[in-house]
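Read through the structure below, which is laid out as structure tokens, and then see the notes.
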Amino acid sequence: MEYADIRLTQEFAFTRKLARLTEHEMHMHDTLEVSILLENNIRYHLAQGDYVGKPGDIFVFRPFDPHWNLAEDQERPAAWIMLLLSPAVVRHIPDGSALLAPFYTTDWRPLIPAHSAEAAAIRAAAGQAVEEEERGRPGWQSRQFACLIEILVQIARYFLALRQDARTGEDSAPGGGIVGAVERLLRQFREPVDMEDVIRASGLKKTTFYQQFVRLTALTPNDFVNRLRLQHAVHLLLHSAMPITEIAFESGYSSVSYFNRQFKAFRGVSPRQFRAEGGGGASDA
């Protein structure tokens, strides 16, 4: 498996893609990804198994989810639209952090089927987003951003509907308290986090909270917050001229040395080296 170091030149990008390969090693990345299938079948090769996607299906890939898109038939290349986005993009959207919850939970299938109303809306918005960029008329960036918001809203609504069905059909399914905790941490990860207060607000006992949180996100609450902070730091290192010390504080760390250690464990290099290799050209003072 390979790590794909995807570096967006802006906070989101829509791209038309064509799948021809029928075999390929899986990769993973820390960017959020949505795949909108347009033509012919795609075999989505994921760590938990393969899915066959049909035209109109939508696939949502979580950060660090190993995956690859393969043509089911080499003679029939599959066309799709790939949406990549940085989590930082939601800071421009009212209550945008709530829209990220589906990307950070693991107990739902990544497929939004073509027959659903949400898939149809996502497909229409993605098509419009690509068309706006290709035509390049005045205001196309704003129209494309509106399409992005529509897609995130539809994914979130589909996810919430699944959660309601799960709570109805299975008493042990993580409920609104845990989902609310995930949304709260997505909003507040750059601030000091009082995990005891988060647990109290969930209405769950501590042991149950931790068990359900890990079940939902595959991470402990503290690891989840640390992952969000590091992803935010990566974004700032690549897209801002902020000094590294300021990036550490802006990302939620109170100690620069601790930030440096965590970052190196996360990306294998120091923040300074990561920025230099990324061509950021910013001050590291």
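Listing for the model above:
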item	result
Complete set of residues in the stretch 47-67 that are part of a strand (DSSP E or B), surrounded by fewer than 19 Cβ atoms within 10 Å (Cβ to Cβ) and either of a type outside the set (Asp, Glu) or modelled with pLDDT under 80 (or both)	Gly49, Tyr51, Val52
Complete set of residues in the stretch 26-49 that are more than 20 Å from Pro102 (Cα to Cα) and free of Cβ contacts under 8 Å to residues at least 40 places away in the same chain	Asn40, Asn41, Ile42, Arg43
Condition check for Leu219: part of a helix (DSSP H, G or I), outside the structural domain of Phe12 (by TED's automatic domain parsing) and in contact with a helix residue (DSSP H, G or I) (Cβ under 9 Å, 6 or more places away or on another chain)	no
Any hit, the stretch 205-227, residues being over 21 Å from Pro102 (Cβ atoms), without any contact (Cβ under 8 Å) to a residue 40 or more places away in the chain and charged (D, E, K, R)	yes
The listed residue being basic (Lys, Arg), crowded, with 21+ Cβ neighbours inside 10 Å and outside any loop (DSSP other than H, G, I, E, B), out of Arg261, Arg275	Arg275
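For every residue, the table says whether it meets (1) under 12 Å from the mean Cα position of the chain (by Cα); (2) in contact (Cβ under 8 Å) with a residue 60 or more places away in the chain.
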| position | (1), (2) |
| --- | --- |
| Val52 | no, no |
| Pro66 | no, yes |
| Asn69 | no, no |
| Leu84 | yes, yes |
| Arg91 | no, no |
| Ser97 | yes, yes |
| Arg109 | no, no |
| Ala114 | no, yes |
| Glu118 | no, yes |
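The values are calculated or read from the model by the stated rules, or taken from the named source; none is laboratory data. Computed from a predicted structure; not experimentally measured. Ideal geometry is used to build each Cβ from the backbone, glycine not excepted, and the neighbour counts take in all protein chains shown.
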